[in-house]
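The values are calculated or read from the model by the stated rules, or taken from the named source; none is laboratory data. Note that the structure is predicted; figures quoted are calculated from it, not measured. Cβ sites come from the backbone with ideal geometry, for glycine too, and all protein chains shown count toward neighbours.
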Ligand code: SF4
């Protein structure tokens, strides 16, 4: 993945700042709660939601199971339609390919459609290093870019900003990048949108190269699909002479017909709309209209390794609707930045440690960034059992085990820093496997209960720093039972 | 009917009153209750923290202790979900890893017979009015595993609505996690505490005297936050409310 997030602290540390930032907490709470309620209504309108969810899951699983076949078919269809397909195994290779293609056109700036894949590989930074300026055209993405910030939500990258903050960013930064913000810009939605529109229009009319991602790629026709709300993406897809699309290999679906499912579930899950306002599809090139040159860069970057994992591979079904973020109580408090990746929230917690591996501090902490409440699984339109994958990845962190990295099977060692926990877990298991030992411990605790502090030392401090422990009872239940009901004595 | 009470290690050690309440209610309904003394822990904390292999012997122990009963009843949604939802998965995984069928076979007789307490009352005994009397204002927090894994639905609420003398008030944001999540509370204590504080504030806003739930682990977290934030509201397990009568009222 991109170098942007290297050196991120582990999740609990990164979340600490967000939890204690009342503006951020307020912005996030307001935004996620509003969309949560709307989504619920939009989903409830469809009587066949359960069937659609199951169909989406099946289509994705089928496509992933036969990924090799569908990708080859896609390449053939795209080529037949006049496009060129490039294969990129990792971020560096993808960035090199895109930079090379832009240079071939002789241009030094590109217009961008909002895209997770290009953020994942850090394309903007890589292009900048080659002297190419990349302009984001999605409104929220523009706010993030102008603010020299990082996106904190899949769908609404600037969810952590309020209107006042956005006004300040526009007033300060727009002139550096092109048309300045109007004098005396107010922080109303209308004025902010108009400032962005004028700023962007200038760029749309000038640009010769567009760079996009895609929500879906149809193998049978070689068609790419982008859904969006603003129409800025469509400008980038149709106005430039050259279009370069960078897309993760898991985005392929077999047939045009499959879109009927996702074009219903995606908008309702993400923006709570019945239909997204702009659905753009493009197939290779045509003489009369749109870009004259089309390149498709197919990105692996850890995806085939993820596919090799029987439990974890379901994360590749994700259609990036962001519903799981909006219902996640942890995301709501920690904010998107704490996840150290362009993929925040529950999906980020299972995707990043698979795409990047669990070796770094942040990636080893992500599978624990959940209370396993299950709200994410409940809303996911392609039924990804996120809690199941989280627990599976926790196992990988603490116990190691076999994984596939860069196409080769390797056996991971347990991550550092879990030795004490592992010992405690073993000891607890030993005692819990022996009712007699458990009972002796309970009695000892009850007898000495007046000596127990209400706060704990060591790792327990994290608990008792903000919560009081319950008082121990005089007598554990099993002693009461035996006193009242008699019965067997101590076991084993 | 002869059922086994699976009390869970947390309740046995810290909340024996919940166990006594369950025994009182079930016995009152004519059920013969046994407490197998060899029971310990379902292994949920191990499993959910990533120590699946440590949880397996505990699951085997569970099946040894509880095989042979007509039903196994537990006053904990999350431990119930561990047995019903995750034990079968453990069996499948063992099979997939080439360790044969033995774990799955051992768990087969206990998994479908395990019921969460309110589910057992409503679905198996067909009772919603247990004759309880509890003169307090109560708000109900549906815990995540009870609600999403076991699908308890409105069963606890139907039981609560039949309690005499009680006023039941709705909890805003009821279906949001309280932030306990087992070792999550330790590993991500800042976020966990923030979630707990929001839950407590929502409960306080209802004006209720009591917040009730069907799981003492969540109540421990919520209750610890309540006393720390010095709210007047108290956590009480639903079994203790249902066991309260005019002759023997619970506080
Ligand atoms: S995991 Fe599911 S809910 Fe989350 S973004 Fe992906 S598709 Fe949407």
*asked:* Checking the conditions here, which among A:321, A:376 is in a loop (DSSP other than H, G, I, E, B), within 12 Å of the ligand (Cβ to nearest atom), within 14 Å of the chain's Cα centre (by Cα) and in contact (Cβ under 8 Å) with a residue 40 or more places away in the chain?
replied: A:321
*asked:* Go through (1) assigned to a loop (DSSP other than H, G, I, E, B); (2) on the phi < 0 side of the Ramachandran plot for residue B:61 and report which single condition fails.
replied: (1)
*Residue selected from the range B:141-182 under the condition more than 15 Å from the chain's Cα centre (by Cα) and within 8 Å of chain A (Cβ to nearest Cβ), by the criterion surrounded by the fewest Cβ atoms within 10 Å (Cβ to Cβ)*: B:175
_Test of understanding: among A:38, A:60, which residue is assigned to a helix (DSSP H, G or I) and closer than 30 Å to residue A:126 by Cβ?_
A:60
*Sole residue being modelled with pLDDT under 95, buried (at least 19 other Cβ atoms within 10 Å of the Cβ) and within 14 Å of chain A (Cβ to nearest Cβ), chosen from B:10, B:65*: B:10
*Considering each of A:419, A:427 in turn, give the residue that is away from chain B (no Cβ under 12 Å) and either over 22 Å from residue A:60 (Cα atoms) or within 14 Å of the ligand (Cβ to nearest atom) (or both).*
A:419
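This table checks each residue for (1) in a helix (DSSP H, G or I); (2) under 30 Å from residue A:198 (Cβ atoms).
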site: A:227; (1), (2): no, yes
site: A:282; (1), (2): no, yes
site: A:287; (1), (2): no, no
site: A:294; (1), (2): no, yes
site: A:306; (1), (2): yes, no
site: A:315; (1), (2): yes, no
_Verdict on residue A:316 being more than 14 Å from every other protein chain (Cβ to nearest Cβ), within 13 Å of the ligand (Cβ to nearest atom), crowded, with 23+ Cβ neighbours inside 10 Å and within 22 Å of residue A:93 (Cβ to Cβ)_ = yes
*Could you check, for the range A:257-279, whether at least one of its residues is assigned to a strand (DSSP E or B) and more than 16 Å from the ligand (Cβ to nearest atom)?*
yes
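Residue-by-condition table, conditions (1) modelled with pLDDT under 95; (2) within 14 Å of another protein chain (Cβ to nearest Cβ); (3) within 14 Å of the ligand (Cβ to nearest atom):
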| position | (1), (2), (3) |
| --- | --- |
| A:290 | yes, no, no |
| A:297 | no, no, no |
| A:301 | no, no, no |
| A:309 | no, yes, no |
| A:372 | no, yes, no |
*Just to be sure, is residue A:390 touching a helix residue (DSSP H, G or I) at 6+ places or on another chain (Cβ under 8 Å), within 15 Å of the ligand (Cβ to nearest atom) and under 26 Å from residue B:87 (Cβ atoms)?*
yes
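Of all residues being farther than 16 Å from residue A:318 by Cα and free of Cβ contacts under 8 Å to residues at least 60 places away in the same chain in the range A:219-238, which is surrounded by the fewest Cβ atoms within 10 Å (Cβ to Cβ)? Just the residue, please.
Per the stated criteria, the residue is A:231.
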*Number of positions in the range A:357-370 that are farther than 16 Å from residue B:190 by Cα, touching a residue at least 60 places away in the same chain (Cβ under 8 Å) and crowded, with 22+ Cβ neighbours inside 10 Å*: 2
